[in-house]
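The values are calculated or read from the model by the stated rules, or taken from the named source; none is laboratory data. A quick note: this is a predicted structure, and the numbers were derived from the prediction, not measured. Positions of Cβ are backbone-derived with ideal geometry, glycine not excepted, and every protein chain shown enters the neighbour counts. Side chains included, ligands, DNA and RNA excluded: accessible areas come from the protein's heavy atoms. Shrake-Rupley method; radii C 1.70, N 1.55, O 1.52, S 1.80 Å.
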Amino acid sequence: MKFVWQNILISPTRTLRDALEVINEQASQVVLVVDDENHLLGVVTDGDIRRALLKNLGLEVALSEIMNLSPITAQRGTAKEQLIELMERKSILSVPLVDKGKVVGLEMLKHFFSKPKYDNPVFLMAGGFGTRLRPLTDNCPKPMLQIGNKPILETVLKSFVKAGFRNFYISTHYMPELILSHFGDGSKWGVNIEYIHEDKPLGTGGALGLLPDDVSQELPLILMNGDVLTKVDFTRLLEFHCDNGADATICVREYEYQIPYGVISGKGNRITEMVEKPIQRFFVNAGIYVLSPSVVNAVPRELNIDMPTILEQQIAQEKDVLMFPIHEYWLDIGRMDDFNRAQVDIRSLGMS
């Protein structure tokens, strides 16, 4: 889809949810907040959205409440070299172009450069049985089920390849031959793939202990469940982890639950508050992690252990375990209704 800057203009009365839809549709990482005559009022970036989610502001907050009122801009006609220097000096990814206060364009740093390459290892977990998707998984591992016109795991792999990653490990256990025969050594996609086979199930994190000794001891590793369909920006995730000096970063997704009754609080017999059908908001594990080498190396060989336990151990040791809220499309294909939803969603995601 060709980028059209006019599609990211949005009114200050629109909501965070509206901004998310625009950013995800346009892959712009920013929306420009304007008045009826396209005067620039502010900007809302991908980072602003994540900070708003961390503050639990909710998806219905008006953009006027969270936008940057003093964005960095450039005048129409500014030379490419000046724009690149400005964005690099200010550590920003885009610059609105203005003329007499009105928006006339948007320049993005990624449009000036070729796609970067990342040597960070990417570990895709594909050894599960997929019991909740039976009978579909009776003769096929869950990551190899077709979503659209290709296996789930291929869609996951290609999203990383598109972002510039090229070194992959895939964990296998259930029907590994189907995965190996489809992906081979990765040359079909111009990448390198190695396989980590679990003779017995080792949980969601135990396969880390089977990684070869020559896995990079300097670069963080990205680990992701092979049955997750998402449009997460892996580059931004990796930058967040490195910029914050984290030992581990876990992607989290906001989950809302509405209590179907009126909730009453009190002291003794005295009622102090009544709230009708309140909405509770939580962050839930999205099954995507960035792990520094020290965390990977701490997992013993042949140990059955889940990722939450690994992270709990790191937290107990007072290591820096951070969360990265994701607002992009995300779907854990664990049940039949998720599988059916993915078949519909894939058509509009540009991932088929």
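Hey, any idea what the orientation-averaged projected area of the convex hull of the range 128-200's Cα atoms comes to, in nm²? It would help to have the intermediate numbers written out before the result.
Working: hull surface 20.2 nm².
Spelled out: convex hull of the Cα atoms, projected over all directions, averaged, 5.1 nm².
Summing charges over neighbours of ILE23, with a neighbour being any other residue whose Cβ is under 9 Å away from its Cβ, gives -4 when K and R count +1 and D and E count -1. Which log10 I(q)/I(0) values does the chain give at q = 0.08 Å⁻¹ under the Debye formula, counting every alpha carbon as one identical point scatterer? Log10 of I(q)/I(0), two decimals: -0.47. In plain terms, the bigger the Kirkwood radius, the slower the diffusion; for the range 261-352, with that radius from Cα pairs, at 37 °C and 0.692 mPa s, Stokes-Einstein puts D at 182 µm²/s.
Using Stokes-Einstein with the Kirkwood hydrodynamic radius over Cα pairs, what translational diffusion coefficient do you get for the range 11-75 at 25 °C and a viscosity of 0.890 mPa s, in µm²/s rounded to a whole number?
Estimated diffusion coefficient is 207 µm²/s.
Considering every alpha-carbon pair of the range 220-269, the percent of pairs per 5 Å bin, from zero through the bin containing the longest distance, is 4, 12, 20, 15, 11, 7, 6, 8, 9, 6, 2.
All other residues with a Cβ under 14 Å from the Cβ of VAL103 taken together, and with Lys, Arg as +1 and Asp, Glu as -1, what is their net charge? Charge balance near VAL103 sits at -2. Just so you know, the Cα atoms of the range 1-159 work out to an Rg and Dmax of 20.3, 64 Å.
For the range 97-172, the alpha carbon positions stretch 64, 28, 18 Å along the principal axes, listed from largest to smallest. Derived from the Cα gyration tensor, the three semi-axes of the equivalent ellipsoid of the range 51-105 are 28, 15, 7 Å, largest first. Each peptide in 171-178, 62-69 receives the mean, over its residues, of other Cβ atoms within 10 Å, and ordering these scores from highest gives 171-178, 62-69. Per-residue ellipticity at 222 nm, computed for the chain from helices alone with -39500 (n - 2.57) per DSSP H run of at least four residues, works out to -7500 deg cm²/dmol.
Note on the range 150-251: with neighbouring protein chains present and a 1.4 Å probe, carbon and sulfur make up 49 percent of its accessible heavy-atom surface.
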